[in-house]
Amino acid sequence: MAKDPGPMETLRQYGGWVLGFYVSLFLLVASGRLGSYDAGGQLQAALLLVHTGSPGAATPPEADHPNWVKSPGGNYFENHDIGNILLMVPAALAGKLTSRQPVTAQLQQPPLISRVAASLTNSLFSALGAWWLFRFFEVFAGDRRRAFRLSAVVTIGTFFIAYARFAWDVIGSCNGACLLAYGAVRVLREEKASLKSVVCLSAGLTLAGWFRYSTFPFFAIATFLWLGFQRARMTWPRFWTGAALAAVGLMPSLLYNFVRMGSFLRPATMAAQFSGNRLTTPVGKGLFGLLASPNRGLLEFAPVLLALLLLPWVWPRLGRAARQFIVSFGIGSAGYIWLIAHLGEWGSFGWGPRYLVPVLPMLGGIAGLCMLGNWLRFKWLFITLILVSGLVNFPTAVVNWQLTSSESPHASDQSATVPYQQMAVWQGLWLGVQGRALPAPTQVTDDRVRETGTHFPDWWTFRLIEQGGHWRALGVGLAGLLGISTLMCLRRLLVRPRYSPVPET
């Protein structure tokens, strides 16, 4: 009779299956496209970096596009944060090494291999973020299968998966927040915080800030509050080591701000030309819009987060560590939401409340904690919320939701009183299953590469299949391999394991 694996060996095995599942799934449903002009500008900056050693240029790659700001030194820089540019460097290198076009042509129209590689890199990074969220839930769940299911609810049953399919920078910040959440709770299993836990905390804080600089102060406050609760485990040398690592990690963002704006603290998104980023919205109006408006509300696009409303009733049944996490990161997340609610364009463009994607791990983590301790009491309510949330977000995994939103007359209206975005994506799904293309402007339909974004399903492997010949064989092979791998991992993860549950914290 085979001997059961030890706890550490089992953790490696089960965690490997979880990572394999998310890698296979997110690569399977990846669009292979950037998905927005913002991501396109970030890839252009990455191409500039690999070709010239600087993400800036004397003239912007696209003179008619407003995303490039003129620095005090006279050069032009892309206005977003540095994280997505650094993440796209390998994709830019692939384009540099394979393209025979001159640099100016590559900047105006980035090589196809760079665009596809940037999208797939983002999907791989998102798979890592989902794995970190699994590790977070594992500390509290008492059972690794339960932890996996909760991580799947947050990453597949919400708008996490919609952004994991494209190369938008908000999902990069979200992945950093996943690492931050995991790094925070791993100290609960240690008598004294280890260096690895401190590094995870600092790295998560740094990554979230690299992709969305505005998250850093709020996540830093949350981390400080959390460490205050865990002061018996956190020695002063470990604390100052973590603080130093976070400070060093933030330096690239601060230097990038200074180069573009002449200020270490002022990001380029606050340049005068971006009037929508000014704090002009009354906070009450912005909060209602972000949380409950029909066309942009958080709860409409992630109904499972309605479990947060049960917090006053489930609070007495939560453990001390869970309460401490909720207080610390709840305060930090609330502060960030309060800031976004003041923006003139708090709704922006994207699927649902795009600017709230970075705090999705914190909100989803708190909702998961509410479910863990009260599943039997509210079982059918939780199941209903999970199913509805999955149904709302399912079309975004197979349809080019960015195109459906941009082509719907009212989907971009943040103040709309009708859920036009969701109506548009369901209409796109209905067209797709009938074999009909999505409506698109002429600049898309006249471009052989971009036109494929109107096809169904909106997966990169199916674009290969459509090319015919050896590309068709490659696409079929990759789609089959990823599909089989996803199902094999899922089957392994849902089978009852042969080990004792993880002790509850």
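For Val327, state whether it is β-branched (Val, Ile, Thr), crowded, with 24+ Cβ neighbours inside 10 Å and either under 25 Å from Gly204 (Cα atoms) or over 19 Å from the mean Cα position of the chain (by Cα) (or both). Lay out the reasoning, then the answer.
Values: β-branched (Val, Ile, Thr): yes; crowded, with 24+ Cβ neighbours inside 10 Å: no; either under 25 Å from Gly204 (Cα atoms) or over 19 Å from the mean Cα position of the chain (by Cα) (or both): yes.
No, not satisfied.
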Going by what's in this entry, would Leu299 be described as part of a helix (DSSP H, G or I) and touching a residue at least 24 places away in the same chain (Cβ under 8 Å)?
no
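Have a look at Gly284, Gly289 and point out the one that is loosely packed, with under 15 Cβ neighbours inside 10 Å, farther than 24 Å from Ala193 by Cβ and of a type outside the set (A, V, I, L, M, F, W, C).
So the residue among Gly284, Gly289 that is loosely packed, with under 15 Cβ neighbours inside 10 Å, farther than 24 Å from Ala193 by Cβ and of a type outside the set (A, V, I, L, M, F, W, C) is Gly284.
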Being among the polar types (S, T, N, Q) and modelled with pLDDT of 90 or more is the filter; apply it to segment 248-279 and report the residue that is surrounded by the fewest Cβ atoms within 10 Å (Cβ to Cβ).
Ser263
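Please determine, by comparing only the residues of segment 385-426 that are free of Cβ contacts under 8 Å to residues at least 24 places away in the same chain and in a loop (DSSP other than H, G, I, E, B), which one is surrounded by the fewest Cβ atoms within 10 Å (Cβ to Cβ).
Looking at residues that are free of Cβ contacts under 8 Å to residues at least 24 places away in the same chain and in a loop (DSSP other than H, G, I, E, B), I get Pro409.
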Quick check on segment 355-382: of everything there that is more than 15 Å from Pro316 (Cα to Cα) and among the β-branched types (Val, Ile, Thr), which residue is surrounded by the most Cβ atoms within 10 Å (Cβ to Cβ)?
Val359
Close pairs (9 angstrom Cβ cut-off, 6 or more residues apart or separate chains): more than 17 Å from Phe211 (Cβ to Cβ) in segment 238-252, of a type in the set (Val, Ile, Thr) and surrounded by 18 or more Cβ atoms within 10 Å (Cβ to Cβ) anywhere:
Arg238/Val198; Phe239/Val198; Thr241/Val198; Gly242/Val198; Gly242/Thr223; Leu245/Val198; Leu245/Thr206; Val248/Thr206
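Given Phe274, Phe264, Phe301, which one is aromatic (Phe, Trp, Tyr) and out of contact with any helix residue (DSSP H, G or I) (no Cβ under 8 Å at 6 or more places or on another chain)?
The conditions single out Phe274.
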Would you mind stating whether Ala105 is crowded, with 23+ Cβ neighbours inside 10 Å, hydrophobic (A, V, I, L, M, F, W, C), over 22 Å from Ser31 (Cα atoms) and at pLDDT below 95?
no
Residues of segment 121-143 being surrounded by fewer than 23 Cβ atoms within 10 Å (Cβ to Cβ) and touching a Pro at 6+ places or on another chain (Cβ under 7 Å), in sequence order, are Thr121, Gly142, Asp143
Could you check segment 172-205 and list, in sequence order, the residues that are within 26 Å of Arg266 (Cβ to Cβ) and surrounded by fewer than 24 Cβ atoms within 10 Å (Cβ to Cβ)?
Ala203
How many residues are out of contact with any Phe, Trp or Tyr (no Cβ under 9 Å at 6 or more places or on another chain) and surrounded by fewer than 19 Cβ atoms within 10 Å (Cβ to Cβ) if we restrict to segment 207-229?
4
Residue match in segment 255-264 (condition: of a type in the set (Val, Ile, Thr) and more than 23 Å from the chain's Cα centre (by Cα)):
yes
Condition broken by Asn75, with the remaining ones in (1) in contact with a Ser or Thr (Cβ under 6 Å, 6 or more places away or on another chain); (2) surrounded by 17 or more Cβ atoms within 10 Å (Cβ to Cβ) satisfied:
(1)
For Ala167, state whether it is part of a loop (DSSP other than H, G, I, E, B), over 21 Å from Phe216 (Cβ atoms) and among the aliphatic types (A, V, I, L, M).
yes
Flag for Arg266 being of a type in the set (Lys, Arg) and under 30 Å from Trp168 (Cβ atoms)
yes
Failed criterion for Val304 (all others in (1) modelled with pLDDT of 95 or more; (2) farther than 28 Å from Trp168 by Cβ hold)
(2)
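The values are calculated or read from the model by the stated rules, or taken from the named source; none is laboratory data. Remember, it's a predicted structure, so these values are computed and weren't measured experimentally. Positions of Cβ are backbone-derived with ideal geometry, glycine not excepted, and every protein chain shown enters the neighbour counts.
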